[in-house]
Amino acid sequence: MNKIIIDKKIVSNSNDIKIDENVITFLKNGDYEIEYIASGEYNLSFVINGDINILESSFDKELNINNRYIINKGKLNVTKFYDNKVVKEVINIDLCNKGASVNYKFANICKTEENYIININHNDEKTVSDINNKSVALVNSSLKFVINSNVLEKANGSILNQTTRIVTMGECDTSISPNMFIPIDDVEARHGSVVGTFKDDQIFYLMSKGISYKDTLKLLVKGYLLSNMLLYHEIRKKIIDLVDTYWR
Amino acid sequence: MLSIKNINVFVEGKQVLKNFNLDIEDGSIHVIMGPNGVGKSTLSRVIMGDNHYVLKNGEIVFDNQDITKMTTDQRSKLGIFLAMQSPLEIDGVSNQDFLRTAMSSHLGKQVGLYEFIKNCEAAAEDLKMDKNLIHRSLNVGFSGGEKKKNEVLQLKLLKPSFIILDELDSGLDVDSLKTVALNISKYKKDNPNTSILIITHLSNILEYIKPDYVHVLSNGTIVKTGRYELAKEIEKKGYNEVIGKTNIIIGDDDNE
């Protein structure tokens, strides 16, 4: 695993990436880990020219991020987990050339205030975007998602998917705005947005086997946050420990 | 063991059980039969404490304790087990985490991984169940039969003293029905004081688990009680003829 530390400056000991001020170019296909270890403002560009898997994480920070993924060719898989104090984040994903593809999976626990804007730009034909966000909003938190999929007229045969779900754990201010701007017919598009609590039936089923309400929530939150997330052991363990702490 | 005294149960304002009474003694096997929609599954949910079902009066006593106001998990820890008609699929929650948490809750201490795996694999083998299902998301992608076997696997691990089988036979092929029913019979033989309440609209499962009493439920109340022969009569003649013929009580049950 190539590790990239995002501090006041970008630090990495990997020869598989090129760092040019705030632009990180991935030179080889493979797995990369990015961790934001300091609070602050970040304005980064990631240049993708092949099949790249990025695992991003950040814990207990105040972040103001405006990042861009430039996918010239190949497939970018992003798996990202946040458990921060405050986040304001704008993500731009440019699918620049024919066949470029992104699979973006984000999960977070929102404690106070977090705002996310995700812009996906289908700039050429047969580009594919699959955007999945899943959040747990703690009581009294504020969590907003705006997801904009933009399709250019020449992007025939493109496939777009947006799925966002927020599980609320009490009174909180949440919203999801899924937008798809599609000027052509030859596009396959799907979106789904859900805000709500865990299903009563699920809670009853687990409690009917002797599991307390608190432990039931722990099981459901862990399952929800970790499912379909390609996380290696250390991050996975960190998330499990976090859930155990929040629902102590 | 379990005594249900004069309960009225409502769902979304509609009455489902009316002045319902039932006494189940230690070690006995009772069957509630009836066509679809008469309140059979409601009964199982009410015993287990599903708060979607509003109990307006009466009480439910289990092992001399009034459980009417107890939470669902408390009832389970007292020894009541509900094998559900449609076990839920919960994506992301691994069957293993779920089973181990449930076992630990019942025992009041964390179950060691070795002990858990050993018990789990032995139970899965008894049920002719694919051991890999233990590591998958809870019931997700399981066949109907696998879901029911997973319920019985839980039963074998949690070792309840009162078992409710809600339509256990639905979704099971003949071989799977035989396997799960024989596992339950074996459990009952090993734990003779365990009582069982079987909820069904068919009598197939009763070939393997012979009941002491058979009750027929209609419009939210028990209209007829008898022995095993009553189930066979229903199978032969259908509910309309059996319920419509008479309301007299067959056998020596005095609950009604």
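Here, each number is a calculation from the coordinates, and none is a lab measurement. Bear in mind that the values here come from a model prediction, so they are computed numbers and not experimental data. Every residue, glycine among them, receives a Cβ derived from its backbone with ideal geometry; neighbour counts consider all protein chains shown.
A cut-off under 13 angstrom between Cβ atoms defines the neighbours of A:Ala107, and their net charge, with Lys, Arg +1 and Asp, Glu -1, is +4.
Over chain B, DSSP H runs of length four or greater, each weighted -39,500 (n - 2.57), average out per residue to a 222 nm ellipticity of -11000 deg cm²/dmol. Per residue, the average separation of C-alpha pairs within less than 8 Å and at least 6 apart gives chain B a relative contact order of 27 percent.
Computed from the Kirkwood radius of its Cα pairs, the Stokes-Einstein diffusion coefficient for region A:102-248 at 20 °C and 1.002 mPa s stands at 127 µm²/s. Normalising the average separation of contacting C-alpha pairs (under 8 angstrom, six or more residues apart) by the number of residues puts the relative contact order of region B:51-167 at 40 percent.
Against chain B, whose longest principal axis is taken from its Cα atoms, helix B:144-158 shows a tilt of about 80°.
For region B:138-249, the orientation-averaged shadow of the C-alpha convex hull comes to 7.9 nm² (one quarter of the hull surface). Each principal axis of the Cα atoms in region B:2-245 has its own extent, and those three values, largest first, are 56, 39, 33 angstrom.
For the protein assembly as shown, the mean projected area of the C-alpha convex hull, equal to one quarter of the hull surface, is 27.2 nm².
Relative to the dominant Cα principal axis of chain A, helix A:233-246 is inclined by about 40°. Here, chain A is characterised by an Rg to Rh ratio of 0.98, where Rg is the alpha-carbon radius of gyration and Rh the Kirkwood radius.
Take each residue of peptide A:91-101, count the partner chain Cβ atoms within 10 Å of its Cβ, and average: the result is 0. Each Lys and Arg Cβ is given +1 and each Asp and Glu Cβ -1; about its Cα centre, chain B then shows a dipole of about 180 debye. Determine the sum of side-chain charges near A:Thr163: Lys and Arg each +1, Asp and Glu each -1, restricted to other residues whose C-beta is under 12 angstrom from that of A:Thr163. Here the charged neighbours net out to +3.
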